[in-house]
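Note sheet for the following structure.
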Amino acid sequence: MVPQEIYIRNASDTEARGPFNLEQLTSLAENEQVTRETVFYNNEKEEWVAFGDDPEMLAAVYPEKKKLKLGAEREIKSLNLGDESAPPIDVTDMLAAAEGRSADTKDKADPAEALARAANIGMHCATVILFISGAALLAPSIDLIVGGDYVGLLSQPFAILGAIDLLLFLMLLLQAVAIYPFVRFRAALGAGFLGLLFYAQGESITALAAVAGSVGIYFSTVFTNLFGVALAALVGIGGMGYFAFAVLNS
């Protein structure tokens with residue numbers, strides 16, 4: 001289904017343009033201001049998609065041309081008549097309007113920009129939580145690591161999970177968001193494995209902290225609004241911080 005409001009940007013752009021309706025996009029395409037390489041924000045997939053990679057949007061923006069027929073000549077009233085009493089518009093005014101700093105546009109926030117900012121903050125929150133978790137899980141096995149006893153590490157489930165956490169931490173540090181499915185799988189695995197293990201040992205608070213930290217990791221990569229990301233960060237960092245404290249002092 002083609003959305004009513006569409007945000008677009010070129011691959012080299014740092015900011016999105018819009019919102020545009022379908023008629024406006026078709027006009028931009030006819031003037032070669034929108035191409036198959038231009039990307040639009042897909043609300044269902046929550047990602048930027050090129051028009052050339054979405055057959056439905058491509059067909060909507062580039063409809064089949066109808067044969068034109070000559071009609072009777074008629075007079076068209078121009079709509080481009082300026083108001084003589086209006087002040088002239090200079091380059092500074094146009095730049096201010098484009099950046100949302102004019103009197104008419106300063107209160108109109110760009111939803112795509114806010115969404116991208118929230119997603120970026122979520123990625124950094126997940127990175128921090130994974131680092132805390134990896135360091136806490138590997139710390140009890142530091143003697144094996146320093147001694148080079150990597151065979152012995154294989155018998156330490158905490159060390160294996162900690163190594164996975166640090167690997168995912170490094171990947172997210174490089175902004176490799178393509179590994180989000182693996183990060184979410186690790187979050188689900190950690191919540192179940194660590195939570196069940198510590199609960200079975202009678203350490204219910206530590207189990208709850210491990211679950212909270214894993215939940216924070218998961219939802220930091222899911223939420224696309226600032227409130228949701230802030231809540232996930234609070235739960236995740238707080239829970240994983242307490243979990244690290246409990247593990248290192250056990």
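No value in this document is a laboratory result; all are computed from the given coordinates. Here the structure is a predicted model, which is why all the values come from computation and not from measurement. Note that we place each Cβ from the backbone using ideal geometry, even for glycine, and neighbour counts take in every protein chain shown.
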Query raised in the report: Roughly what percent of Cα-Cα pairs across region 111-248 reach past 26 Å?
Result: 22 percent
Query raised in the report: What ranking, highest mean first, results for peptides 236-248, 41-53 when packing means the other Cβ atoms within 10 Å averaged over each residue?
Result: 236-248, 41-53
Report summary line: When the charge dipole of region 111-248 is computed with +1 at the Cβ of Lys and Arg and -1 at the Cβ of Asp and Glu, the Cα pointing farthest to the positive end, of Leu189, Val177, Leu115, is that of Leu115
Query raised in the report: Going by the alpha-carbon gyration tensor, a ≥ b ≥ c the square roots of its eigenvalues, is region 1-64 rounded (a/c under 1.5) or, if a/c is not under 1.5, prolate (a/b greater than b/c) versus oblate?
Result: rounded
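Quick one: which of 221-228, 182-189 comes out on top by average Cβ neighbours within 10 Å, and what's the full order, highest first? Could you put the intermediate results ahead of the total?
Working: 221-228: 15.6, 182-189: 17.5.
Put in order of decreasing packing, that is 182-189, 221-228.
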Query raised in the report: To the nearest 20 debye, what is the magnitude of the charge dipole of region 111-248 about its Cα centre, counting +1 on the Cβ of each Lys and Arg and -1 on the Cβ of each Asp and Glu?
Result: 300 debye
